[in-house]
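Peer 1: Dumping the structure here so I can ask a few things about it.
The values are calculated or read from the model by the stated rules, or taken from the named source; none is laboratory data. The shown structure was predicted, so the numbers you read here are calculated from the model rather than taken from an experiment. All Cβ positions, even for glycine, are placed from backbone atoms using ideal geometry, and neighbour counts span all protein chains on display.
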Amino acid sequence: MPSLKDLKNRIASVKSTRKITKAMQMVAAAKLKRAQDAATAARPYASRMASVLANLSASAGAGGPKLLAGTGQDETHLVIVITAERGLAGGFNSYVVKLAKQKIGELRAEGKTVKILTVGKKGREQLSRDYGDMFISHVDLGDVKGGNYTESAIGLGQSLTAMFDEGEFDVATLIYSQFKNVLTQVPTAQQIIPASAPADAETVDLTGAIYRYEPSETEILETLLPRYINTQILSAILESAAGEQASRMTAMDNATRNAGDMIDSLSLQYNRARQAQITKELIEIISGAEAL
Amino acid sequence: MADKLHFSLVSPARELFSGEVDHVIAPGTEGEFGVLANHAPFMTTLKNGIVRVLEGDSVTMRIFVRGGFADVTPDGLTILAEEARDLDGIKTEEITSELEATLLKMQALDKDDTSRATLQAHYDYLESLRAALAH
């Protein structure tokens, strides 16, 4: 049975924890608004780009550039895992890492060589325990200010394209958390190299029409593909950033509520113990008086 | 009443414009071109320059774009720009100070930093934007 003083201390400590989680929740809510706006604002570009690519690749056929057609091999896979820089966001990072592990396991079972590139500190920490020797690079988002991930995304895209040209991998897959809404983020795996237009991209029926290209079709594809990859990476990072804030907000909201419940039950316990002590003292006094 | 052209201009940061217009003039790498409603399917890369939106004979909007693509389909015209700004409402001084900031950032970087090329492209864009404003 904890003493009155112990209970009092515990209540005070839970109260200050609640203050912190409450503050974290409010900070996450404010950041979520911005991250969500950025993610939504980037969507039209990404989806337009996807439909342009879908149109182009439909007419280019199999003879397109390597970024579209692939190397013709399927040996070395690069897995790019996008997670957050910080924890305390519920299961956010773990879900992405879980999907990544599952994907890596499948690829290894098929006998493929797997290389890992991580974006965000948490994914690297969690994956390095099992796959430390497969890491080839890491992108740190910690010093990116104000949610401006464009430069990081373009930098990563360029180094991916360069690595692909040097034949360091055959297939690249992005694993990130897709932001559906505040309560749901879906861990998603998406192949970006060789580029494939998503199946749901709108294509225009061009039967009978002659599409004209200026300069040639191949030249357009060659400029478009690296940008398409950059765009995909950027939108994945933005989605992940929005998801992180949403997930943290929910997690901290739960933590605040749990702390409240705990304070209630501790206060009840404290009051009972206090009442019991008063009753005990009274009994002592009364029985003392009766004895006289 | 002539048909309207559905025009949308998007940059990675946001959708700048989407709506029905009469006529759009854009700077293609192989020459400036105009698009009216029911244009034949056509696709081109863009160079730095001004996209003009016309209603009737008067220019209603001027947007300065950096590179990208224009895609004309039976549904309309889509411009995907690397970077885009509405020319009305920006001042030469703002661009000048942004130019200086970009230059400083570039000097702070190592020679072989990958983001250098990106900054250089941004710098060139601002410079041509300033030139366009001077006219």
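Peer 1: Within 14 Å of another protein chain (Cβ to nearest Cβ) and either part of a helix (DSSP H, G or I) or surrounded by 16 or more Cβ atoms within 10 Å (Cβ to Cβ) (or both): does that describe A:Tyr228? Show your work before the answer.
Peer 2: Numbers: within 14 Å of another protein chain (Cβ to nearest Cβ): yes; either part of a helix (DSSP H, G or I) or surrounded by 16 or more Cβ atoms within 10 Å (Cβ to Cβ) (or both): yes.
Yes, satisfied.
Peer 1: Go through the stretch A:158-176 residue by residue and tally those that are touching a residue at least 40 places away in the same chain (Cβ under 8 Å), within 15 Å of A:Ile116 (Cα to Cα) and within 14 Å of another protein chain (Cβ to nearest Cβ).
Peer 2: 2
Peer 1: Can I ask one more? Do any helices (runs of 4 or more DSSP H) lying entirely in the stretch A:50-151 carry at least 3 residues that are crowded, with 17+ Cβ neighbours inside 10 Å, and which ones are they?
Peer 2: The helices (runs of 4 or more DSSP H) meeting that bar are A:92-109, A:121-131.
Peer 1: Here's another thing I want to ask about it. Give the residues of the stretch B:68-95 that are under 14 Å from the mean Cα position of the chain (by Cα) and over 16 Å from B:Ile50 (Cβ atoms), sorted by residue number.
Peer 2: B:Phe69, B:Asp71, B:Thr78, B:Leu80
Peer 1: It is to be established whether one or more residues within the stretch A:17-39 are touching a residue at least 40 places away in the same chain (Cβ under 8 Å), surrounded by fewer than 15 Cβ atoms within 10 Å (Cβ to Cβ) and not in a helix (DSSP H, G or I).
Peer 2: Keep residues of the stretch A:17-39 that are touching a residue at least 40 places away in the same chain (Cβ under 8 Å), which gives A:17-18, A:21-22, A:24-25, A:28-29, A:31-32, A:34-36, A:38-39.
From what's left, surrounded by fewer than 15 Cβ atoms within 10 Å (Cβ to Cβ): A:34.
Keeping just the survivors that are not in a helix (DSSP H, G or I) gives none.
Within the stretch A:17-39 (the criterion being touching a residue at least 40 places away in the same chain (Cβ under 8 Å), surrounded by fewer than 15 Cβ atoms within 10 Å (Cβ to Cβ) and not in a helix (DSSP H, G or I)), the answer is no, since none of the residues qualifies.
Peer 1: Report whether or not A:Gly120 is within 17 Å of A:Ser235 (Cβ to Cβ), in contact (Cβ under 8 Å) with a residue 12 or more places away in the chain and over 16 Å from the mean Cα position of the chain (by Cα).
Peer 2: Numbers: within 17 Å of A:Ser235 (Cβ to Cβ): yes; in contact (Cβ under 8 Å) with a residue 12 or more places away in the chain: yes; over 16 Å from the mean Cα position of the chain (by Cα): no.
For A:Gly120, the condition - within 17 Å of A:Ser235 (Cβ to Cβ), in contact (Cβ under 8 Å) with a residue 12 or more places away in the chain and over 16 Å from the mean Cα position of the chain (by Cα) - is not met.
Peer 1: Given the condition over 27 Å from A:Glu239 (Cα atoms), within 12 Å of chain A (Cβ to nearest Cβ) and hydroxyl-bearing (Ser, Thr, Tyr), answer yes or no: does some residue in the stretch B:58-66 qualify? Give the derivation first.
Peer 2: Keep residues of the stretch B:58-66 that are over 27 Å from A:Glu239 (Cα atoms), which gives B:58-64.
Still in the list and also within 12 Å of chain A (Cβ to nearest Cβ): none.
No, there is no match, as no residue in the stretch B:58-66 is over 27 Å from A:Glu239 (Cα atoms), within 12 Å of chain A (Cβ to nearest Cβ) and hydroxyl-bearing (Ser, Thr, Tyr).
Peer 1: Report yes if A:Ile116 is modelled with pLDDT of 90 or more, closer than 17 Å to A:Ile80 by Cβ and away from chain B (no Cβ under 14 Å), otherwise no. Explain how you work it out, then say what you get.
Peer 2: Numbers: modelled with pLDDT of 90 or more: yes; closer than 17 Å to A:Ile80 by Cβ: yes; away from chain B (no Cβ under 14 Å): yes.
Spelling it out, A:Ile116 is indeed modelled with pLDDT of 90 or more, closer than 17 Å to A:Ile80 by Cβ and away from chain B (no Cβ under 14 Å).
Peer 1: Now for a separate question. Here's a check for you: in the stretch B:68-91, which residue that is farther than 17 Å from B:Ser8 by Cβ and not aliphatic (A, V, I, L, M) is farthest from the other protein chains (Cβ to nearest Cβ)? If you could, list the steps in order and put the result at the bottom.
Peer 2: Let us first name the residues in the stretch B:68-91 that are farther than 17 Å from B:Ser8 by Cβ, namely B:87-91.
Applying the additional criterion that residues be not aliphatic (A, V, I, L, M) yields B:88-89, B:91.
On the way: B:Asp88: 21, B:Gly89: 19, B:Lys91: 22 Å.
By that ranking, first place goes to B:Lys91.
Peer 1: Read through the list (1) more than 28 Å from B:Asp3 (Cβ to Cβ); (2) in contact (Cβ under 8 Å) with a residue 40 or more places away in the chain; (3) of a type in the set (A, V, I, L, M, F, W, C), then give the number of the only condition that B:Leu103 fails.
Peer 2: Single failed check for B:Leu103: (2).
Peer 1: Moving on. Please give the strands (runs of 3 or more DSSP E) falling wholly within the stretch B:1-56 in which 1 or more residues are more than 12 Å from chain A (Cβ to nearest Cβ) and aromatic (Phe, Trp, Tyr).
Peer 2: Values: elements: B:5-10, B:15-21, B:23-28, B:31-36, B:42-45, B:49-55.
Here the list reads B:5-10.
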